[in-house]
Amino acid sequence: MGKYFGTDGFRGEANANLTAEHAFEVGRFLGWYFNEQKRKSGANERAKIVIGKDTRRSGYMFEYALSGGIVSSGADAYLLHVTTTPSVAFVVRSEGFDCGIMISASHNPFYDNGIKLFNGAGEKMDEDVIALVEAYLDGQSPKVPYATRENIGRTVDYVAGRNRYIGYLISLGIYSFKGWRVGLDCANGSAWNIAKAVFDALGATTFVTGAEPDGTNINAGVGSTHIENLRKLVVEKGLDVGFAYDGDADRCLCVDEKGNVVDGDGIIYLYARYMKERGKLFGDTVVTTVMSNFGLYKALDEIGVKYEKTQVGDKYVYERMNEGGFALGGEQSGHIIFSKYACTGDGVLTSLKVMQAVIDKKTTLSKLVEPMKVYPQVLKNVRVKDKAAALSNAAVQAAVQAAERALGDGGRILVRESGTEPLVRVMVEAESKQTCEQHVERVVSAIKQSGYAE
């Protein structure tokens, strides 16, 4: 990860550590850089960069700052306005854009925001380009020239691109949803004007919450980070199923007809099984991160599905899927990637694929995930002075190895550094919460006794 851009973009509190000046300079560099790529390829046309945003109040500021930087460098900025992160990726790859930008801080509170970059294939931006952007922000490369006269770029209202994305999603609904009562929690975010349109078009009777954005209520008590809101709606209204999205709708969590939560691991399990039964799961393999529940792996073993693990981040999941040609992967948090249809997590697409499995199997969501036993999990964060030194300490390693031996095939322990904070995360999964707590406490105690804890 770089100085500004982490695994999911340049994120920070608006006008604190992420400012309009940052956005202008990012836009200015990208406009110049992609114009230069056009020139080198011999193309006699301007670079085109498409921009989307979620419902945060600061989104307007960043949208205008980015587009101002882009056109000042001689490229054209196309504005999708309020839309989802996966829609930006879709428009970039399907309509010949050089670059895509999504303005969002995902599941963070409204006062945070972020800048996510996509390359011309609709994938997370290449690391070498990110490194160039960061060097430019730090003044390590010359200022790019301003375009003048007829070379100044233009901004284009491009809501049509978002509408085509909605049409694409509708086209993926191979079954009618008529007769199905579906709850949708749009997190007062990007999905608020997309999810209902898609489900209504497919015939569902929809019950929507979290669809009244005011610029400051995104993720506030609603959405995938506050799924109790949707659970209550499903139970009170007697719905068949519910789907909760995060602020930029690249995540989806489900609620079954009984009001139980089905997270990303449950979605991967049910859809891996569904694809395998139809001979559609390439290599009989899925891609997960190291944070997926131990119960997922046990359940996949039982149905003969193999799995690969990456570090946390849907970016890494997609990279491994792309390398191996795998069709399904994702995170426990609800970032699910269906590589035949998208190259990033897409919450609304995920909900459509879950509906497909439920309808095709003529069953309920609870029945589809019933074979997967979710193991109790205990996670503790320890603030440390030196993450690498704490993890390499002999006493800490001995405590981790002792836990591994004791757990055997009945659980697992994961000790890792936080990618964004001075923390060591200690996580144990086992058949009982008491066992989890015992092993976590032993490792935490070893870290504290090593002298590295703050």
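The numbers here are math on the coordinates, done by the rules we state, and not lab data. Fair warning: this is a prediction, and the values are worked out from it, not measured in the lab. Reconstructed Cβ throughout: ideal geometry from the backbone, glycine too, with neighbour counts over all protein chains shown.
Some notes on this structure:
- Straightening the chain between Ala398 and Glu323 buys 23.5 nm, computed as 0.36 nm per residue apart minus the Cα-Cα spacing.
- Dipole magnitude for the range 172-369: computed about the Cα centre from +1 point charges on Lys and Arg Cβ and -1 point charges on Asp and Glu Cβ, it is near 680 debye.
- Three semi-axes of the equivalent ellipsoid, the chain, Cα gyration tensor, whole Å, largest first: 36, 30, 20
- Cβ crowding within 10 Å averaged over residues, with 135-146, 378-389, 265-276 ranked highest first: 265-276, 378-389, 135-146
- FRET efficiency estimate (nearest 0.05) - Cβ-Cβ, Ile170 to Gln438, R0 51 angstrom: 0.50
- The mean sequence distance of close C-alpha pairs (under 8 Å, at least 6 residues apart), as a share of the length of the chain, puts its relative contact order at 12 percent.
- Electrostatic dipole magnitude of the range 377-449 [Cβ: Lys, Arg +1; Asp, Glu -1; Cα centre; debye, to 20]: 240
- Paramagnetic reach from Lys280 in the range 361-403 [backbone N under 15 Å; point 7 Å along Cα→Cβ]: 361-362
- The residue among Gly283, Cys99, Gly52 whose Cα reaches farthest toward the positive pole of the charge dipole of the chain, with charges on the beta-carbon of Lys, Arg, Asp and Glu, is Gly283.
- Each of Phe34, Phe62 has some number of other Cβ atoms within 10 Å of its Cβ, and from fewest to most they run Phe34, Phe62.
- Farthest toward the positive end of the dipole of the chain, out of Gly345, Phe62, Ala453, is the Cα of Gly345, where the dipole comes from beta carbon charges about the Cα centre.
- Spatially, the range 155-188 and the range 198-260 are offset by 15 Å when compared through their Cα centroids.
- Per-residue ³J(HN,Hα) for the range 195-203, Karplus 6.51 cos²θ - 1.76 cosθ + 1.60, θ = phi - 60°, Hz, x for Gly and Pro: 4, 4, 4, 5, 5, 5, 5, 8, x
- Taking other C-beta atoms within 10 angstrom as a stand-in for reagent exposure, Glu417, Glu63 fall in the order Glu417, Glu63, fewest first.
- Normalised contact order of the range 172-369, rounded percent, pairs of Cα under 8 Å and 6 or more residues apart: 20
- Value of Rg to Rh for the range 178-291, rounded to two decimals, is 1.01; Kirkwood radius and Rg both from alpha-carbon coordinates.
- Inter-label distance, nm, simple model (7 Å from Cα along the C-beta direction), Val159/Glu421: 4.0
- Integer Hz, Karplus 6.51/-1.76/1.60 couplings in order for the range 132-148, x for Gly and Pro: 5, 4, 5, 4, 5, 4, 8, x, 8, 9, x, 4, 6, x, 7, 6, 10
- Each residue of the range 168-174 was assigned a 3J(HN,Hα) from its phi angle through the Karplus expression (A = 6.51, B = -1.76, C = 1.60, θ = phi - 60°), giving 4, 4, 4, 5, 7, x, 7 Hz with x at Gly and Pro.
- Amide H contacts for Ala75 (H built 1.01 Å from N in the peptide plane; partners 5 or more residues away or on another chain; cut-off under 5 Å): Gly153.
- Violating pairs (Cα-Cα greater than 20 angstrom) within the set Lys340/Lys367; Lys306/Lys373; Lys196/Lys276; Lys178/Lys237; Lys196/Lys353: Lys340/Lys367; Lys196/Lys276
- DSSP bridge analysis restricted to the range 172-369 gives an antiparallel fraction near 40%, rounded to the nearest 5.
- Placing a pseudo-label 7 Å from each Cα along the Cα-to-Cβ vector at Ala43 and Asn17 gives an inter-label distance of 3.5 nm.
- For the chain, the dipole from Cβ point charges (+1 on Lys and Arg, -1 on Asp and Glu) about the Cα centre works out to 500 debye, to the nearest 20.
- Ordered by the number of other Cβ atoms lying within 10 Å of each residue's own Cβ, fewest first, Ser171, Ser106 fall into the sequence Ser171, Ser106.
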